[in-house]
Amino acid sequence: MATVRLKNVSKIFSGNIQAVKDINLEVADKEFLVIVGPSGCGKSTLLRIIAGLEDATKGDVYIGDELVNNTPPKDRNIAMVFQNYALYPHMDVYNNMAFGLRLRRYPKQEINKRVEEAAAILGLKELLDRKPKMLSGGQRQRVAVGRAIVRKPKVFLFDEPLSNLDAKLRVQMRTEISKIHIRLQATMIYVTHDQIEAMTMGNRIVVIKDGVIHQIADPITLYAKPVNKFVAGFIGSPPMNFMEGKIIKKDDKFYFNEGNFQVKIVDEMVPRISNYQDRTIIFGVRPEDIYDKLFIPDAAPENTLTATCEVVEPMGAESYIFLNTGKHNFIARMESHEKAEINQDMDLVFDMSKVHFFDIADGKTII
């Protein structure tokens, strides 16, 4: 396997459309790196530059120690799995997986060995004589992955490979791909717009927007310590709630004042937030850090507020409660036994040790 390095990589399409802006990124040997961001952010363009399907307007791409800017895709020793399975409809599973090896004139015995190994890993042994039309979506995707595995490339590239599958199959396939990574100990770069896929699969995650990398970190760090409002809102499901308000000081204590409620800022956050006294900032709280006061009777009054329940979405073990303070809408994620009634006021408690504050001018994290 190999490392992948991008140095000051940019891509400008005709019409002066800049899809990727001065990207610097290093993927370690055997790492599973996920690139995540909204549609049109440049993540697939970045993957295609690594694959050689797009030329970088400027910057350098290295696979291992080799500069590959002028190396054609077929000579980069990478394998790519696309969103559409791109299987040959007239070939059975065996021949779909073997076709690339035949083009490279591998011996028949070696082709048999590699296809059988990949089929065993992916649970395709019983399907080798079937054609794509006889396979389910998940089976076709496994064949596409198998076609990449038999190549034994330096780097695997995945471009939103699960987007065409239904929800249950997506969960199953992302587990299968994670298992393949563990078994092969391969370098893998995976592009998706689904932050749940990113969080559950990646050793590290690259969050990208408008062609610019906003943060690179492991999943837990991204979730707990986002560098700005965009990352905080993109990572997490349901997303983080945001409210504008002012930092005020009262009786030597600091509060976030939303207008219709105020909550006390915990002591360890005061040194960072005190510089924003009497200034408008953005307050962020995740849905799972909001509680029904009925179940926390000893909650401090200075951390409670009242909001109106507008919608309840039962999700089984938990429910999403859509609330309104009169100024802001937000979501709480609560256990389903905590029955919320529509159009009724609820007394709520924020876990103030887990909230976030963002600068309203640039969206950067204050704390």
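The values are calculated or read from the model by the stated rules, or taken from the named source; none is laboratory data. From a predicted model like this one, the values you see are computed outputs, not experimental measurements. Positions of Cβ are generated from backbone atoms using ideal geometry, with glycine treated the same way; all protein chains shown enter the neighbour counts. Just the protein is used for accessible areas: all its heavy atoms, side chains included, with ligands, DNA and RNA removed. Shrake-Rupley method; radii C 1.70, N 1.55, O 1.52, S 1.80 Å.
Please state the equivalent ellipsoid semi-axes for the range 319-367: what are the square roots of 5 times the Cα gyration tensor eigenvalues, largest first, in whole Å? Can you show the working numbers first?
Numbers: eigenvalues 139, 37, 16 Å².
They are 26, 14, 9 Å, listed from largest to smallest.
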Just add up the charged neighbours of V155: K/R +1, D/E -1, any other residue whose Cβ is under 12 Å from the Cβ of V155.
+3
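Could you work out how much longer the chain between K21 and Q109 gets when fully extended? Use 0.36 nm per residue separation minus the Cα distance between them, nm to one decimal. Don't skip to the end; give the middle numbers.
Numbers: separation 88, 0.36 × 88 = 31.68 nm, distance 4.60 nm.
Length difference between fully extended and current span is 27.1 nm.
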Spin-label pair R279/D345, simplified geometry with 7 Å Cα→Cβ offset, distance in nm
3.4
One point scatterer per Cα, no solvent, Debye formula: log10 I(q)/I(0) for the range 261-367 at q = 0.14, 0.24 Å⁻¹ comes out as -0.59, -1.35
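Highest first, please rank the peptides 341-347, 175-181 by the mean number of other Cβ atoms sitting within 10 Å of their residues.
Working: 341-347: 11.7, 175-181: 17.3.
Descending mean neighbour count gives 175-181, 341-347.
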Mean separation of Cα contacts under 8 Å (6+ apart) over length of the range 11-108, as relative contact order %:
17
For the pair I367 and L184, the simple spin-label estimate (label points 7 Å beyond Cα toward Cβ) gives in nm 4.6
Taking all pairs of different Cα atoms in the range 152-251, averaging 1/r and flipping that mean, what Kirkwood radius in angstroms comes out?
15.5
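Can you give me the relative contact order of the chain as a percent, contacts being Cα pairs under 8 Å and 6 or more apart?
Working: 735 pairs, mean separation 55.4, N = 367.
It rounds to 15 percent for the chain.
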Taking only DSSP H segments of four or more residues, each worth -39500 (n - 2.57), what value at 222 nm results for the chain once the sum is divided by all its residues, to the nearest 500 deg cm²/dmol?
-7000 deg cm²/dmol
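For the chain, which whole percent of the accessible surface, found with a 1.4 angstrom probe, sits on carbon and sulfur atoms? Kindly include the intermediate steps, with their values, before the conclusion.
Numbers: 8340 of 17560 Å².
The nonpolar share, carbon plus sulfur, comes to 47 percent.
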Give, as ranges by residue number, the residues of the range 54-95 whose backbone N falls under 18 Å from the point 7 Å along Cα→Cβ of F13.
54-58, 83-84
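Can you tell me the FRET efficiency between A224 and N70 if r is taken as the Cβ-Cβ distance and R0 is 45 Å, rounded to the nearest 0.05?
0.60
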Just check the range 1-85 against the gyration tensor rule for me: Cα atoms, a ≥ b ≥ c as the square roots of the eigenvalues, rounded for a/c under 1.5, and otherwise prolate or oblate depending on whether a/b exceeds b/c.
rounded
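Can you flag which of K30/K125; K225/K364; K7/K154; K7/K152 are past 22 Å Cα-Cα?
Pairs exceeding the cut-off: K30/K125; K7/K152.
What length, rounded to one decimal in nm, is gained on full extension from D210 through to F82, with 0.36 nm per residue of separation minus their alpha-carbon distance?
43.9 nm is the gain from fully extending D210 to F82.
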Could you work out how far apart the two model spin labels at A299 and M134 are, taking each label as a point 7 Å from the Cα in the direction of the beta carbon, and quote it in nm?
5.9
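At 1.4 Å probe radius, can you tell me the per residue accessible area of the chain in Å²?
Details: 17560 Å² over 367 residues.
The answer is 48 Å² per residue.
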Positive-end residue, the chain charge dipole about Cα centroid, Cβ charges, pick of N96, P161, S178
N96
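Provide the three semi-axes, in whole Å and in decreasing order, of the ellipsoid equivalent to the range 90-229 as defined by the square roots of 5 times the Cα gyration tensor eigenvalues.
On the way: eigenvalues 205, 54, 31 Å².
They are 32, 16, 13 Å, listed largest first.
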How large is log10 I(q)/I(0) at q = 0.14 Å⁻¹ when the Debye formula is applied to the Cα atoms of the range 150-209, each weighted equally and without solvent?
-0.39
No solvent, one uniform scatterer per C-alpha: report log10 I(q)/I(0) for the range 118-182 via the Debye equation at q = 0.29 1/Å, two decimals.
-1.52
Over the Cα atoms, compute the radius of gyration (one decimal) and Dmax (the largest Cα-Cα distance, rounded to a whole number) for the chain, in Å.
24.8, 82
